[in-house]
Amino acid sequence: MNLKIQNTIFQLFCIPVIFMAGIFFSGENDLEKVDKFNLEDGEPDQRTENIELIVTDSGNVQIILTSAVVEEYTEEKLTKLKGGFILNFFNPNGEVRSFLSAKNGEVYSFDKKMKATDSVVFKNIASDQVLFTEELIWDQVKHKIFTSKHVRIVEKNNKVLTGVGLITDEDFNDPIILEPSGKYYLKKKDTAK
């Protein structure tokens, strides 16, 4: 074979192979550099803004979650709801039976609990009862909602119940205030002016 052809074959095939082998086998993993690409402690694995999540069962809507910000923390099995959220619960006829709203929330998937905090409002549409508190926990396994914080319940007839601590079912039927402290009635505003 001609020396010129052999030189060209060497240049075309051998030099790139040697060059790539040198790069491939001479690299070092600098763990400090690799860690720079990892998430900082406390940072979410995923962040979504202005989300609407629809949960269905056999084609029927069960729950609709609307939230300003949702952050997922995979390792902790934690989802944080920030900037305000509304959770609508539907009956089998597709009507909203109750809703929960708050400024912040945390969903713990490992034990199927949700904690709503800051300006929490929970309303049963059928009974027209509304609960106001600063923290509310929903245990999805036991189908219970509870709090150890101060509560205020406004009933359909404008009766207001206050106290500390509450337990009820997830539809807000027959709430029990653990330490009742007061009962009063709101005056209806005169709208005929």
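In terms of Cα atoms, the Rg and Dmax of segment 92-191 work out to 13.9, 50 Å.
Maximal additional length on extending the SER127-VAL96 stretch stands at 9.9 nm, based on 0.36 nm per residue less the C-alpha distance. Among the listed pairs LYS80/LYS115; LYS77/LYS113; LYS123/LYS149; LYS156/LYS187; LYS115/LYS159; LYS80/LYS123, a Cα-Cα separation exceeding 20 Å is found for LYS115/LYS159; LYS80/LYS123.
In terms of overall dimensions, the C-alpha atoms belonging to segment 61-112 reach 37, 23, 13 Å along their principal axes, ordered largest to smallest. Label sites at GLU155 and ASP169, each approximated as a point 7 angstrom past Cα along Cα to Cβ, lie 1.8 nm apart.
Which FRET efficiency, nearest 0.05, do LYS112 and ALA68 yield, Cβ-Cβ r, R0 25 Å?
0.60
What's the FRET efficiency of SER148 with ASN50 using the Cβ-Cβ distance as r and R₀ = 30 Å, to the nearest 0.05?
On the way: r = 32 Å, r/R0 = 1.07.
The computed FRET efficiency comes out at 0.40.
Classified by the C-alpha gyration tensor, segment 134-193 has a prolate form. Its axis ratio a/c, with a ≥ b ≥ c, is 1.5 or above, and a/b is larger than b/c. Sorting THR74, THR133, THR117 on solvent-accessible area from highest to lowest, probe radius 1.4 Å, gives THR74, THR117, THR133.
For TYR108, the solvent-accessible surface with a 1.4 Å probe is about 50 Å², rounded to the nearest 10. All other residues whose Cβ lies under 12 angstrom from that of ILE167 are scored, Lys and Arg at +1 and Asp and Glu at -1, for a net of -3.
Output needed for segment 72-148: three equivalent-ellipsoid semi-axes, defined as square roots of 5 times the C-alpha gyration tensor eigenvalues, in descending order, whole Å.
Its equivalent ellipsoid spans semi-axes of 21, 15, 12 Å.
Ordering LYS144, LYS183 from largest to smallest accessible area (1.4 angstrom probe), what's the sequence?
LYS183, LYS144
The values are calculated or read from the model by the stated rules, or taken from the named source; none is laboratory data. What you see is a predicted model; the values in this text were computed from it and never measured. With ideal geometry, Cβ positions are generated from the backbone for all residues, glycine too; neighbour counts draw on all protein chains shown. Please note that ligands, DNA and RNA were not included when accessible areas were found on the heavy atoms of the full protein model with its side chains. Shrake-Rupley method; radii C 1.70, N 1.55, O 1.52, S 1.80 Å.
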